[in-house]
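Provided herewith is a single structure, encoded as structure tokens, for subsequent inquiry.
Bear in mind these aren't lab numbers, they're just calculated from the coordinates by the rules spelled out. This one's a predicted model, so the numbers in the text were calculated from it and none came from an experiment. Note that each Cβ is placed from the backbone with ideal geometry, even for glycine, and that neighbours are counted across all protein chains shown.
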Amino acid sequence: MYDISRELNQYGWIVPAYSLPKDSEEIVVLRMVVKENFSHDFAQKLLKDIDKVLAELVEKSKKNMLNSQTELIPKPQGIC
């Protein structure tokens, strides 16, 4: 959630991430305050930006996973 919040901020959105109080602090939520004049166009832009952010984070996660897997594969040794 913190990654989503940070990435949305790069698109101009202020969507803070918070952990819940004691005994639930492992749960993190995003908080959005929407004013009554929030237009349909803005809502569509927000949804598009959320889609972009999620796609970017999935792609970063895949790259990190591949990098960590290739580090576990032994490098070939020279012929003796």
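Putting +1 on Lys and Arg Cβ atoms and -1 on Asp and Glu Cβ atoms, find which of 46, 17, 57 reaches farthest to the positive end of the dipole of the chain.
57
Okay, moving on. Given the -39500 (n - 2.57) contribution per DSSP H run of 4+ residues, what per-residue ellipticity at 222 nm results for the chain, rounded to the nearest 500 deg cm²/dmol?
Values: 2 runs with 42 residues, N = 80.
Helix contribution divided over all residues of the chain: -18000 deg cm²/dmol.
Let me ask you something else. Find out how many positive minus negative residues lie around residue 53, taking Lys and Arg as positive, Asp and Glu as negative, among other residues whose Cβ is under 12 Å from that of residue 53.
Working: positive: 6, 48, 52, 60; negative: 3, 7, 49, 51, 56, 59.
Here the count lands on -2.
Could you list the GluC sites (Glu not before Pro) in the range 2-65 that lie in coil according to DSSP, counting only those with at most 14 other Cβ atoms within 10 Å of their Cβ? Working shown, then result.
Details: sites: 7, 25, 26, 36, 56, 59; in loops: 25, 26, 36.
Qualifying residues, ordered by number: 25, 26, 36.
Next question. Who wins for biggest fluctuation among 28, 53, 15 in a Gaussian network model of the chain, springs between alpha carbons below 10 Å?
Looking only at 28, 53, 15, the biggest GNM fluctuation is shown by 28.
I would also like to ask the following. Pairing the Cα long axis of helix 40-72 with the longest principal axis of the chain, what angle in degrees results, from 0 to 90 and rounded to the nearest 10?
20
Could you work out, for the range 2-62, what percent of all Cα-Cα pairs fall into each 10 Å distance bin, beginning at 0 Å and stopping at the bin that holds the largest distance?
Result, from short to long distances: 20, 44, 28, 7 percent.
When Lys and Arg each count +1 and Asp and Glu each count -1, what net charge do the other residues less than 12 Å away from residue 30, Cβ to Cβ, add up to?
Working: positive: 6, 31; negative: 3, 7.
Around residue 30, the surrounding residues sum to 0.
Where the only charges are on Cβ atoms (+1 Lys, Arg; -1 Asp, Glu), what is the dipole of the chain about its Cα centre, to the nearest 20 debye? Could the numbers behind the result be given before it?
On the way: 11 positive and 12 negative charges, 46 e Å.
Rounded to the nearest 20 debye, it is 220 debye.
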